[in-house]
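Have a look at the structure below, then the notes.
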Amino acid sequence: MERTVAAGATGPAPERAPSSEAAGRTGDAVLPDVAGLLDGMPQQRMPVGASAVSSPAPGPAGTGAGARGIAAPRARALALRPWRLLPTPTGTPFTFAYAVVLTVTSLIATYADPSLVHALHQGSSTDVAHLVHTPLTVLLASGLWTAGGIVAPYTICFLLVLTALERRIGGARTAVVFLLGHVLATLATEVPVGLAVLAGHLPDSSLHRLDYGVSFGVATSIGALTGLLRPWLRWPVLALFGALLVQDLLGLADPLTDWGHLIALVIGVGLWPLVWRWRAAPAH
């Protein structure tokens, strides 16, 4: 402690309180950091050698380099979990439940008596005759079967595409997309058949053609899903799937169904504005 003696004094002079500058220097050297106790004081003291650069003010939660550093490993962890490509009871309940139903009906089609299977398929067919008499029943029942069994290409696409779509927009909205494609593409292909029969351009047997399966709903879901992908992936997937459908149509194996697939894909693309809004607004 510095002491001074007044001129002419014989005894020690009384101590003076240290100046604010001296007190600041002394306090910085010997006092502990009490910044946390002085929240109301401006320009609080900082430990020796510290600077504002070393302790930036915290930003809003979830922003800044720290949050980005945490988010990046999480994104990489998601990319390393391939089982997310398949439906799960909790993550994608609609797709999972539908896949269970398709598995059961595929087992029935494989192991049941052929005459029973044919009767079930015929009763679920969305031909003109059934659409006139029991439209709701056959529109729902026809979607319970897969043409070609559980390992058919459209069944595999069903699992992958609907899982990806449901993870992005939710189960109820995925069901809406699937059903819209299934119903609208069916009507778009069967109504012209009925009109052609009435006009005499097709025989009456065309009213009873066998038509069932999930392929129209899957094609619509593919079209809708591409709208949620990044452009570098969206356009190649859309072009590749569209080219496959055109190739099938040119093969003339089943023109009516092949036209239905193309129509369903166009319906899915037309749903892009809707699925964009759905993805921006979380499902409740």
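The values are calculated or read from the model by the stated rules, or taken from the named source; none is laboratory data. From a predicted model like this one, the values you see are computed outputs, not experimental measurements. Glycine gets a Cβ as well: all are built from the backbone with ideal geometry, and neighbour counts include every protein chain shown. Please note that ligands, DNA and RNA were not included when accessible areas were found on the heavy atoms of the full protein model with its side chains. Shrake-Rupley method; radii C 1.70, N 1.55, O 1.52, S 1.80 Å.
Here are the numbers for the structure shown:
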| quantity | calculated |
| --- | --- |
| Out of ALA147, ALA99, ALA152, ALA119, sole residue that is open to solvent by less than 70 Å² (accessible area, probe 1.4 Å) and either basic (Lys, Arg) or over 20 Å from ILE222 (Cα atoms) (or both) | ALA119 |
| Test: residue in segment 215-232 that is surrounded by fewer than 16 Cβ atoms within 10 Å (Cβ to Cβ) and either among the hydrophobic types (A, V, I, L, M, F, W, C) or within 23 Å of ALA172 (Cα to Cα) (or both) | yes |
| Subset of segment 161-183 that is surrounded by 18 or more Cβ atoms within 10 Å (Cβ to Cβ), over 12 Å from the mean Cα position of the chain (by Cα) and of a type outside the set (Val, Ile, Thr) - its residue that is farthest from VAL128 (Cα to Cα) | PHE178 |
| Members of segment 116-141 found to be more than 32 Å from the chain's Cα centre (by Cα) and of a type in the set (Ser, Thr, Tyr), listed by number | THR134 |
| Residues satisfying the stated conditions in segment 122-140, i.e. open to solvent by less than 40 Å² (accessible area, probe 1.4 Å), farther than 22 Å from PRO203 by Cβ and not in a helix (DSSP H, G or I) | SER124 |
| Residues that are over 13 Å from the mean Cα position of the chain (by Cα) and assigned to a helix (DSSP H, G or I), drawn from segment 83-92 | TRP83 |
